[in-house]
Structure formats: C-alpha cells, structure tokens
Amino acid sequence: MSAPAESVLRRPVLKPSAELPQMRVFLPEPGNPANGPLSAGREATFCIVEDGATERQVRFKGDPHLWEWPGVYEHLVRDLLRGNAPAAVCRLLERAIRASGERPETLRAIDLVAGNGWVGQELNAIGINEIIGIDASAAAAAAAERDHPGAHSEFRVLDIRRLSEAQRDELMGFDFNSLICIEPLAVEEPPPNAFTEAFNLLAPDGWVAFHLHAGSAEGGRDSRFAHTVHRMIRSRALHVHTQQRYRHRFTTHGSPLFHVAVIGRKTRDFEPGEPS
C-alpha cells in the first residue's frame, strides 16, 4: 500500500514491439502552463501517445483511441500509474467465494464496462470462465478480441441503461449469478443506473464485486454512485460480504489514489426510485 520511491511522473516509455516499433506513451507535465488546471494540482484526464512522428492527446474516459493500439491501455495503468485493480478486486472476490464454501467455476458473470478484456482475463485466472462482456464502445470490444482473446464467452456492445425488451430478455437468458464492475483508470465511477440495471439481471444470492473512491465510500466526497450503493445496502437489496480499502493507482501528479473494493451478494432487485 505504500508509495514506491520512484515518481510516476517520470516519462517511462512503452517498450517497442513488432506491431508498434515507434510508439511511446507519456503523462502530461504538471508544470506546463498549457495543461491549465494541472498546475493547481488537479489530475490530468489524458495521456500523450507518440505514434511515429505524431503526438496524440488521448482522453482517459470516452475516447475510442485509447483502445486503438495494443498494450497502450495496460501500460498506462500498470506502468505509468502503478495500478492493478482487476487483480486486486478479483482476488478479493475469489477469497469471498471460497470462504462461503463455493467455487468460482460455478459463476456466470457480467463483466460490466468490460474494456479491453483485462478484467475478463483476471476472472479467468480465479476460475470464472462463463463471462459476458458488456461495453458501450465497439472499439473496446475490438480491443478485447485483440488483447485478451477468449477471456469472454461473448461480448455485447450495448448501453445497458437503454436496453430494448429483446436485449433484456436475451441477457436474462444467461441466468447470471455474478456481476463484476472494475474500471482500472476510474476517472469517474460508473453511472448508477448502469450498475443497477446490471444488478437486476442477477439471480437472487448472486455475487457482486465493484469498487468506489475511498472518499465516496467514507462519506467525504459527493458521489451519485456511492449514494445509490448506500441505498442498496440500507434497503437490503445488497448484502456486503467484505470490503477493503486498497491503493487503486497513483494520480497523474504522483499521489496515491485509494478506493474501496466491495464484495457482496444480491438479495433482491433494486428500483432506483424506491424510498431509502
């Protein structure tokens, strides 16, 4: 949990590969006036990818270019920002499952905000093999097929907040008994209605694994997602099995960013409009 001696603001370079021999990935320099708010200590929301003679500014959230190059996303999170949330949360889930006398192999999982398949690969590593990846980005789906082929049983490109009746019926047919929602960069927490829609696809007693900013979990930071989670717990739709504070990654200016991993079980469906 302690910070490493070296600063994440060093400009490490993505090692050349056969596919991308000229590529380098950088974080923006905090002292550069062109970065505006960064000079006041706020975190950057983008990285810089040097592809041959071209430098491209790539946003962390919602930019399909983040998935364009093999290895860039995981290099950004693992090496530049020193993060490994997929392994941390999945190992905690595995311990909870086994402590309950169950086996990960029996789970049929939704990998919500599935990205490039990194989370799916970590779920495979703990023994979960029946996984449906869901992401609104077609670029993420293509990256998952390229970066972690076979990690998902199937991948659905859709916005879970706007399911048609046919889509909902199809997803219900998988009889899911687990939901995993892990965003290694986590610039923002997931939309609450996306999470509750996925939650309501689970069978009763299904496992749920997710994380939220430590400030949100502990009440010091306003968050719609945290409010929704607390309501789910108070209404007894979600039973918390275990929770653990962990270092999610470093910020772009070198400070540790802590999140709280939550492992729980569904007891019933949750309607966002129901009273607290």
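The values are calculated or read from the model by the stated rules, or taken from the named source; none is laboratory data. Note that the structure is a prediction, hence the values are computed from the model and not measured. Here Cβ is always computed from backbone atoms with ideal geometry, including for glycine, and neighbour counts include all displayed protein chains. With ligands, DNA and RNA removed, areas are computed over all heavy atoms of the protein, side chains included. Shrake-Rupley method; radii C 1.70, N 1.55, O 1.52, S 1.80 Å.
To the nearest ten degrees, helix 138-147 and the longest principal axis of the Cα atoms of the chain are 80 degrees apart. Neighbours of C90, meaning other residues whose beta-carbon lies under 12 angstrom from its beta-carbon, give a summed charge of -1 when Lys and Arg score +1 and Asp and Glu score -1. In the range 183-276, the C-alpha radius of gyration followed by the widest Cα-Cα span (Dmax) gives 13.4, 42 angstrom.
Peptides 149-161, 84-96 ranked from most to least packed, by the mean per-residue count of other Cβ atoms within 10 Å: 84-96, 149-161. If you take the alpha carbon atoms of the range 99-248 and fit the smallest convex hull around them, that volume is 120 Å³ per residue.
Taken over the alpha carbons of the chain as equal point scatterers, the Debye sum produces base-10 log I(q)/I(0) values at 0.08 Å⁻¹ of -0.33. Where only DSSP H runs of four or more residues are counted, the chain gives -6500 deg cm²/dmol as its mean residue ellipticity at 222 nm, each run worth -39500 (n - 2.57).
Share of carbon and sulfur in the accessible area of the chain stands at 49%, probe radius 1.4 Å.
At a probe radius of 1.4 angstrom, the accessible area of the chain per residue rounds to 46 square angstrom.
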